[in-house]
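Some notes on the structure that comes next.
Just so it is clear, none of the values below were taken in a lab; they were calculated from the coordinates. This one's a predicted model, so the numbers in the text were calculated from it and none came from an experiment.
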Ligand SMILES: NC(=O)c1ccc[n+]([C@@H]2O[C@H](COP(=O)([O-])OP(=O)(O)OC[C@H]3O[C@@H](n4cnc5c(N)ncnc54)[C@H](OP(=O)(O)O)[C@@H]3O)[C@@H](O)[C@H]2O)c1
């Protein structure tokens, strides 16, 4: 098998124009795809018209028609409808197209069993900050995926933020860290803002300070490359305010809570995958 559509800028059909579908569509256009090279399918005519108006891409209701014209089929519907969407498009795929899916939980084998023999499949676990180009996505290729296919998917996702390659077995852990992770960060921001209000700041001011602090801390960690413990020690002078605060976080089991939360998310990801895959 050749890399096929990995060469050049292939025609992409995005199936499902929801939150993730729109983020991926926008990322493709930023990455250099022309509007004429991307097509989106959507149940709702109003939503299809909205996306066509905003991005100048072709939209429609037929997954079959869009897939028949595509080199890459990007599945962005909810996991519970992926099976029926694959059954539809399998009738028009010729085996050389790349199928890329952002649906949570469903194993690569689920796709490979429903698609023509030899179809390359790539699973992606993105997260919502992809919408602002600050996402973190992990990709895993299936039995018929080549280096060229993975490189193509990296190119498609380049404008969404960080993209890393992992083995499929690690996707539940990725879901628990970066997939669900934005919610942990929002939880922290909310708690910090609430604390600010308790200490007498207005909610608006406390929220702006909390958001900028978390954003800045993440940027500093990313740019310096230093270990988080080193960065933490740098703002913790002996007998000072920060070390007193961190001692309270430890005393309240916040670290253990984060670990337990991630374990629960990974376990739930495994359960949902098994449930959807039937
Ligand atoms: N959002 C996230 O943070 C996130 C993170 C990682 C992975 N994902 C994955 O991304 C996928 C999409 O999630 P989402 O949050 O973008 O959901 P969403 O906003 O509900 O988007 C799904 C879209 O697909 C449309 N749709 C439903 N059935 C369809 C069909 N048969 N053909 C074409 N379009 C159809 C839906 O239209 P109707 O509403 O009219 O049915 C909806 O607009 C899911 O599989 C999810 O697991 C999402």
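Structural remarks
- Its Kirkwood hydrodynamic radius, worked out from the mean inverse distance over all distinct Cα pairs, puts the chain at 20.5 Å.
- Overall form of the stretch 40-154 per C-alpha gyration tensor (a/c, 1.5; a/b vs b/c): oblate
- When the Gaussian network model of the chain links Cα atoms closer than 10 Å, the mean-square fluctuations of 14, 243, 163 top out at 243.
- A viscosity of 1.306 mPa s and a temperature of 10 °C, combined with the Kirkwood radius over C-alpha pairs in the Stokes-Einstein formula, give the stretch 179-278 a diffusion coefficient of 100 µm²/s.
- DSSP assigns beta bridges within the stretch 1-147; of those with both partners inside it, close to 20 percent run antiparallel.
- Structure remark: mean-square fluctuation, Gaussian network model of the chain, C-alpha springs under 10 Å; the largest value among 160, 213, 146 belongs to 213.
- Of the beta bridges in the chain, as assigned by DSSP with both residues counted there, near 15 percent are antiparallel.
- Kirkwood Rh, Cα atoms: Rg over Rh of the stretch 83-227: 1.12
- Largest GNM mean-square fluctuation among 92, 235, 211, using the chain with Cα springs under 10 Å: 235.
- Three-way shape call for the stretch 119-191 based on the alpha-carbon gyration tensor, with the a/c threshold at 1.5: oblate
- Over the stretch 10-62, relative contact order from alpha-carbon pairs under 8 Å, at least 6 apart, %: 38 percent
- Overall size of the stretch 160-234 from C-alpha positions, given as principal axis extents largest first: 48, 26, 22 Å.
- Take every pair of alpha-carbon atoms less than 8 Å apart whose residues are at least six positions apart; their mean separation over the length of the chain yields a relative contact order of 16 percent.
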